[in-house]
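Below is one structure, written out as structure tokens; the observations come after it.
Bear in mind that the values in this text are calculations on the coordinates, not laboratory data. Given the structure is predicted, the values throughout are model-derived calculations rather than measurements. Using ideal geometry, Cβ is built from the backbone for each residue, glycine included, and neighbour counts are taken over all protein chains shown.
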Amino acid sequence: MKEPRYIKSNLKSKRIVFEEEHPIRWSFMKVLREYSTLKQEFAINPYVEVYKFRDNLYCLYSESLDGAGDPWMYVIEGPKKAMLIDTGFGVGDLKGLIKELIPNKKLIVVNTHAHFDHAYGNAQFERCYCHEAEVERMKKTNNDKIWDYLFDENGKPIYTEFDRNDLIEYHEYEIVGVKDGHIFDLGDGYEVEAVHLPGHTPGQCGFYDLNNKTMFIGDTTGIGRIFEGEPFTEFCTVTALRDALVKLKPRFDEMSGVFPGHGMLDQTPTVLQYLLDTCNQIIDNPLNFDKEIVMERHGTVQKMYKKNIHQGTALRYKLENVK
Ligand SMILES: [Zn+2]
């Protein structure tokens, strides 16, 4: 693969393996990271860039440690408590960084889903909330061996250079499942609602800040693998994502911005309508895809399809994950 146009960075991590350069996303990230005045860096955590997108919203950028898309984490400061949405890979002092951003407020930690790039930093905290359909995966995929796959047999990082000593030591933490519609109270009536947006994983969940009307959607552009014997696999389908978007549709117009787990921030809510349109097109004719891809991930070869999303990337799915 051709190396993408380099983006200047002071981060302590340095990518070895680059992902494909998405035409619009790459330019957005290049301008944001190199030229925007929003960027802040903190010595306490050299793996994170901080961007303030609202008076009380910090968007935390870090590089992927496993060659995939660079994940976003988000911190909402409420009147009495703050909320952290996703915890990244777990390299660098995330807890300490948040304490510098928001001193003296209790932190509620939530995960959009259990994937490594969103939940491997959970062990820095005592308790993490996720959708109830994600609890099993969260338990299964979080242990003290989670970072081993990032290194070769000589202990050298495979995908992204970073200092192994900067991984915060793993410890057990409490995982609490919540239902669709669960309200988190950040004090004085400041509420954030859990919005189940499944498909990518069974319990993949968005979080809707009812005060700012900002929607944090997590990962919604790939329908995930179904694991043998796993509960709630009926949620790993294009249809489940479509149904969730139909339920959310009456609220699209009131949203002030959509914040995904990767890529461009503060998107207009129209992107949710475009995603819904793509789901419907796939359900109408699953073989009417734009691209066929063969992907090797963690030693297994998977055949998948991609259907383009208008003005966006594409929705990735397998034929067995449509209905
Ligand atoms: Zn994911």
(request) Would you calculate the separation in nanometres between label points at residue 38 and residue 100, each defined as 7 Å from the Cα along the Cα-to-beta-carbon direction? (result) 2.0 nm
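So if we plug the beta-carbon distance of residue 301 and residue 140 into 1/(1 + (r/R0)^6) with R0 = 22 Å, what FRET efficiency do we get, rounded to 0.05? Write down the numbers at each step before the final one.
On the way: r = 22 Å, r/R0 = 1.01.
So, using R0 = 22 Å, E works out to roughly 0.50.
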(message) For the chain, what does the relative contact order come out to in percent, with C-alpha contacts under 8 Å and a separation of six or more?
(response) 13 percent
(message) Could you work out how much longer the chain between residue 308 and residue 18 gets when fully extended? Use 0.36 nm per residue separation minus the Cα distance between them, nm to one decimal.
(response) 102.2 nm
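For the pairs 156/291; 8/307; 12/95; 249/323, note any where the Cα-Cα span goes beyond 27 Å.
On the way: 156/291 34 Å; 8/307 32 Å; 12/95 17 Å; 249/323 20 Å.
From the list (156/291; 8/307; 12/95; 249/323), the Cα-Cα distance tops 27 Å for 156/291; 8/307.
Report, in debye and to the nearest 20, how large the dipole of the chain comes out about its Cα centre when Lys and Arg carry +1 and Asp and Glu carry -1 on their Cβ. Please report the intermediate quantities before stating the final value.
On the way: 40 positive and 50 negative charges, 114 e Å.
Here the size comes out at about 540 debye.
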